[in-house]
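Each remark here refers to the structure printed beneath this line.
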Amino acid sequence: MAALRGGLIGCGFFAVNQMFGWRDAEGASIAAICDRDPERLKIVGDQFGMERRYQDAAEMLEKGNLDFVDIATTVGSHRALVELAAAHRLPVICQKPFAPTLDDAKAMVAACKAAGVPLMIHENFRWQSPIQAVKRVLESGEIGKPFFGRISFRSGFDVFSGQPYLATGKRFIVEDLGIHILDIARFLFGDVATLTARTARINPNIAGEDVASALLDHESGATSVVDCSYATKLEVEPFPETLVEIDGTDGTIRLAQGYQLTVTGRSGTSKTDASPPLLDWASRPWHNIQESVAAIQQHWADCLHSGREPDTSGADNLKTFALVEAAYQGASTRQPVDIHALLA
Ligand code: NAD
Ligand code: 89V
């Protein structure tokens, strides 16, 4: 199949992973890059041997010869850039978090729908191989019907040195990290009817909250607890592992630190090492995230070639983003939040 030509906007900290992912993808590659910062444009352009370089996204799209756009900028620019891609009738991937507000995210979905182009949110955590392994066990029926889950990310890792903007926003852990963990809860247990949340700021040197806990009522009847922290100092730092506990009518699943997967179910107990592979361009401890970047980008290429809707389409990710909005709203009012009302 002919490789689709992508234009990547935003050559910052995380885009390097995306560039490596595209380098290895089948059926798609990056043909042009853009960053308004000439220094970042040069670093990434030189690293990946890119000839087509732009400081202005509109100019890159006007020059044409692109089949899709990959937006790797921070959240403030997402709506304008997605609408720009839609105006050029180009399929578009947008990094998480979707948008500054749910209204912006809804407008972005509407713009892509009106233009008749697919929109995928780069929500990659559900593509991590340990999480995929958990999903496969659930789908096998081994533990029966799940009725309880805990999806947990607790760490003391210094994320601020690589991503300084995370220390300055009024919103931090729910918007940046909780969004992934809430999406995993949806991925494993389905859509959510109501959410109750509490947040706290433990680190006095940052502006936003760095601890969050949420109780989710899933439409399936299952209950899950999503808890996140960047204020948790452990003997062995687990970043960036997401730990999972699931209880079902016939057994349990435990994804424990060190990617150790224990399943007790209809066939007895099995223990496996669900560690992600270390790709040749990846480095620990980020390799878990890096592998999922390659996986979601391959999914996008496959979807564009086949005409299938991406799993984390804009329409799908509105339902995850609504959980983020609900967590902030619910933590502020200390009341449960009706997710259907937010999405209406
Ligand atoms: P960054 O600030 O390091 O990089 C963003 C780059 O975009 C900068 O170089 C900036 O100059 C450029 N930029 C901003 N607006 C632009 C515009 N309008 N036109 C052209 N260039 C523009 O940020 P980052 O840490 O790389 O994060 C980028 C996004 O990736 C964020 O939304 C973040 O949440 C997300 N992220 C996702 C994951 C994941 O696992 N999915 C991990 C880390 C970061
Ligand atoms: O995945 C992310 O969005 C990152 C990190 C894992 C550091 O929170 O910002």
Inset, instruction - For the range 86-102, state whether one or more residues are of a type in the set (A, V, I, L, M, F, W, C), at pLDDT 95 or above, under 22 Å from residue 165 (Cα atoms) and away from ligand 2 (no atom under 16 Å from the Cβ). - result: yes
Inset, instruction - Scan the range 305-320 residue by residue and report those that are in contact with a helix residue (DSSP H, G or I) (Cβ under 9 Å, 6 or more places away or on another chain) and part of a helix (DSSP H, G or I). - result: 314, 315, 316, 317, 318, 319, 320
Inset, instruction - Name the residue, out of 283, 275, that is touching a Pro at 6+ places or on another chain (Cβ under 8 Å), of a type outside the set (D, E, K, R), open to solvent by 10 Å² or more (accessible area, probe 1.4 Å) and farther than 30 Å from residue 343 by Cβ. - result: 275
Legend entry - Extreme residue, nearest to ligand 1 (Cβ to nearest atom), among residues of the range 116-158 that are among the β-branched types (Val, Ile, Thr) and more than 24 Å from residue 221 (Cα to Cα): 121
Legend entry - Among (1) surrounded by fewer than 14 Cβ atoms within 10 Å (Cβ to Cβ); (2) touching a residue at least 40 places away in the same chain (Cβ under 8 Å), the one test that residue 253 misses: (1)
Legend entry - Failed condition for residue 78, given (1) touching a residue at least 24 places away in the same chain (Cβ under 8 Å); (2) in contact with a strand residue (DSSP E or B) (Cβ under 9 Å, 6 or more places away or on another chain); (3) more than 21 Å from residue 173 (Cβ to Cβ): (3)
Legend entry - Some residue of the range 244-264 being polar (S, T, N, Q), more than 28 Å from residue 315 (Cα to Cα) and in contact with a Leu (Cβ under 7 Å, 6 or more places away or on another chain): yes
Legend entry - Unique residue being within 21 Å of residue 301 (Cβ to Cβ), open to solvent by less than 40 Å² (accessible area, probe 1.4 Å) and not in a helix (DSSP H, G or I) when the list is 50, 60: 50
Inset, instruction - Hey, can you tell me all the residues within the range 79-101 that are open to solvent by less than 20 Å² (accessible area, probe 1.4 Å) and under 16 Å from the mean Cα position of the chain (by Cα)? - result: 92, 93, 94, 95, 97, 98, 99
Inset, instruction - Give me a count of the residues in the range 159-208 that are away from ligand 1 (no atom under 16 Å from the Cβ), open to solvent by less than 50 Å² (accessible area, probe 1.4 Å) and under 15 Å from residue 330 (Cα atoms). - result: 7
Inset, instruction - Filter the range 116-151 for residues that are in a loop (DSSP other than H, G, I, E, B) and under 30 Å from residue 69 (Cβ atoms) and give the result. - result: 116, 117, 118, 123, 124, 128
Inset, instruction - Consider residue 69 carefully, then state whether it is outside any strand (DSSP E or B), under 20 Å from the mean Cα position of the chain (by Cα) and touching a residue at least 24 places away in the same chain (Cβ under 8 Å). - result: no
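The values are calculated or read from the model by the stated rules, or taken from the named source; none is laboratory data. Every value quoted in this text rests on a predicted model; they were computed, and no experiment measured them. Glycine also receives a Cβ, built like all others from the backbone with ideal geometry; neighbour counts cover every protein chain displayed. Quick note on the areas: whole protein, heavy atoms, side chains included, nothing else; ligands and nucleic acids left out. Shrake-Rupley method; radii C 1.70, N 1.55, O 1.52, S 1.80 Å.
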